[in-house]
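S.K.: I am attaching a structure below and will ask some questions about it afterwards.
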Amino acid sequence: MSRKIIATIAAILNISLLIVFINASGEPKEETVYISKAVAPLSASASDPNIAPMNIELPETELYSDDEIDLLALVTMAEAEGECELGKRLVIDTVLNRVDSNHFPDTVYDVVYQPNHFSSMWNGRVDRCSVKQDIRDLVLEEIKCRTNNDVIFFNAKKYSKYGSPLFQVGNHCFSSYD
């Protein structure tokens, strides 16, 4: 079950959860998701003055651990270091869109390290990169509001053999799933 679904359920039930995630180094990391807003039951009447309307506010950035944010920044550096800001944002969106897709794993780590998907993660390029604060800031911005919700694939200089071509930005050609 994805972290977004777990956090939404926790918000509806007005509880906190202790969740164990696997960080980028492969070790388990405990993380507590706290939901501090009181939530009215789904069946509550909007006209009842004693019941506040349901107002679930889940900041997207709380759904990703620091390790996942750093991993997103790292893969962005490895895949798009020489690209413009928009190109970097679209690489970030590609990973986030895959996490949200039923066709791919539901964690950043599993998406990024899925065999043969992000070449920089297995060809040694990632070992020559580091997390930079400006890229980390882009990741946080994209988590809050994505530039593009359709990009699922990208390839350098040519469209992927998968998906439907969308557009090219810099050296990357982006495609949707369909």
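The values are calculated or read from the model by the stated rules, or taken from the named source; none is laboratory data. Every value quoted in this text rests on a predicted model; they were computed, and no experiment measured them. Please note: Cβ atoms are built from the backbone with ideal geometry, for glycine as well, and neighbour counts cover all protein chains shown.
S.K.: Just to be sure before I move on: is Leu96 assigned by TED's automatic domain parsing to the domain that holds Ala78, within 14 Å of the chain's Cα centre (by Cα) and under 18 Å from Glu83 (Cα atoms) in the structure I sent?
M.R.: no
S.K.: Related question: Of everything in the range 86-112, what is farther than 14 Å from Tyr177 by Cα, in a helix (DSSP H, G or I) and in contact (Cβ under 8 Å) with a residue 60 or more places away in the chain? Give them in sequence order.
M.R.: Leu86, Gly87, Leu90, Val91, Tyr109
S.K.: So which residues in the range 113-124 are over 20 Å from Ser65 (Cα atoms) and either outside any loop (DSSP other than H, G, I, E, B) or at pLDDT 95 or above (or both), if there are any at all?
M.R.: Correct list: Ser119, Ser120.
S.K.: I'd like to check something: does the range 145-166 contain any residue that is of a type in the set (Gly, Ala, Ser), under 11 Å from the mean Cα position of the chain (by Cα), surrounded by fewer than 16 Cβ atoms within 10 Å (Cβ to Cβ) and closer than 17 Å to Asp178 by Cα?
M.R.: no
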